[in-house]
Amino acid sequence: MTLDPGLDVRRLAAAARSILACSLEVQLVVDGLDDVTAGLDDDALEMQDHGGRPVLSCPADSALAVAATDGRGALLTVASGLGEPGSADRDATLTLSGRLEALGLEECECCDEVRMRIGVELDFVLLSRASAPDDAPDRTRLRVPLAAYASPEHDLNRGFLQRSTEHANRCHQDELRRAVASMTRTRLGEVVGVQLTRLRPEGVEVHWVDPTGAHRSVLRFARAAGSTQDLGELLRAELHAGLC
């Protein structure tokens with residue numbers, strides 16, 4: 001498969017990175033391994049995005065960990081979790097192929113289980129439509145150049161911003177309520193709920209409800225974030241130190 005010279009490579013790479021950062025479902029196939037979930041607690045496969053590189057975690061004695069130590073070939077299929085359910089953004093699939101690499105052992109803080117971190121050394125990245133039939137023409141499957149895909153310019157991608165917003169809203173309501181109460185000089189008990197929207201490198205939109213009704217405020221950061229870590233620091237500086 002060749003790359004169409006008329007494609008916007010930067011836009012293609014940004015879309016691929018966004019899907020990896022905001023996946024709905026991940027499937028993994030490993031050479032010589034019939035069941036990648038063997039030795040795992042459940043059938044769910046958890047994955048983290050490290051600058052465009054998929055990183056997995058599993059028990060150190062599992063079949064997947066052994067496969068990583070052997071450096072076996074792997075194929076990841078990632079369904080898009082971008083946007084709202086049923087939207088056109090969800091009709092996209094990211095396929096990544098490469099070789100497993102054992103990155104080292106780590107001890108789980110909650111259960112003392114020793115786990116192995118596994119990276120995927122990529123050699124091929126492909127974007128396609130989930131609804132496309134198997135015999136669809138090649139133009140419905142677009143190869144993403146690895147150099148463009150791995151560029152740091154895509155670290156603050158749309159998927160990362162969406163997942164960061166969802167995490168803050170789901171896991172940090174107490175911190176967000178305290179931030180709004182302090183910002184508006186309202187008693188904490190009167191701030192019913194807070195939602196972040198439109199998180200960008202330059203700022204974030206905050207919505208909340210109190211006894212007087214629904215409110216909205218746009219917070220501008222002191223500077224535009226240049227990295228994922230920088231964005232976290234700016235968000236904590238504007239809202240609450242407990243956000244992660």
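The values are calculated or read from the model by the stated rules, or taken from the named source; none is laboratory data. In this text the structure is predicted, and so the values were computed from the model without any measurement. Cβ placement follows ideal geometry from the backbone for every residue including glycine, while neighbour counts extend to all protein chains displayed. When the accessible area is computed, the model is the full protein with side chains, heavy atoms only, and any ligands, DNA or RNA have been set aside. Shrake-Rupley method; radii C 1.70, N 1.55, O 1.52, S 1.80 Å.
For the chain, the longest stretch holding no GluC sites (Glu not before Pro) located in a DSSP loop with at most 15 other Cβ atoms within 10 Å is which? Maximal segment without exposed cleavage sites: 114-201.
Taking all protein chains in place and a 1.4 Å probe, what share, in percent, of the accessible surface of the chain do carbon and sulfur account for? With neighbouring chains kept in place, the figure for the chain is 48 percent. Against the main long axis of the alpha-carbon atoms of the chain, helix 9-21 sits at an angle near 80°.
Taking the square roots of 5 times each eigenvalue of the Cα gyration tensor of the range 161-239, largest first, gives ellipsoid semi-axes of 22, 12, 11 Å. Scan the chain and hand back the longest stretch that contains none of the trypsin sites (Lys or Arg not before Pro) lying in DSSP loops with at most 10 other Cβ atoms within 10 Å. Counting at most 10 other Cβ atoms within 10 Å as exposed, the longest clean stretch of the chain is 1-184. Over the range 9-153, all Cα pairs binned in 10 Å intervals from 0 give whole-percent P(r) values of 11, 40, 33, 14, 1, listed from short to long. Taking amide H as placed 1.01 Å from N in the peptide plane, Leu33 has no amide H partner under 5 Å among residues 5 or more places away or on another chain.
What FRET efficiency do you get for Ala88 and Ala222 if R0 is 41 Å and r is their Cβ-Cβ distance, rounded to the nearest 0.05? Approximately 0.70, to the nearest 0.05.
Charge tally around Gly83: other residues with Cβ under 14 Å, Lys/Arg +1 each, Asp/Glu -1 each, net 0.
Take the chain with all the other protein chains still there, run a 1.4 Å probe, and you get 55 Å² of accessible area per residue. Using C-alpha pairs under 8 Å with a sequence gap of at least 6, the mean separation divided by the residue count of the chain gives a relative contact order of 16 percent.
Amide H to amide H, with H built 1.01 Å from N, Ala150 comes under 5 Å of no residue 5 or more places away or on another chain.
Taking each DSSP H run with n ≥ 4 as -39500 (n - 2.57) and averaging over every residue of the chain yields -7500 deg cm²/dmol at 222 nm. Applying 1/(1 + (r/R0)^6) with R0 = 41 Å to the Cβ-Cβ distance of Glu25 and Ser182 gives a FRET efficiency near 0.60.
Model label points for Asn169 and Glu202, set 7 angstrom from Cα along the Cα-to-Cβ axis, are 2.2 nm apart.
Calculated on the Cα set of the range 119-190, radius of gyration then Dmax: 20.7, 61 Å. Note on Arg99 and Glu190: their simple-model spin labels are 6.4 nm apart, each label 7 Å out from Cα toward Cβ. Projected over all directions and averaged, the alpha-carbon convex hull of the chain occupies 15.9 nm².
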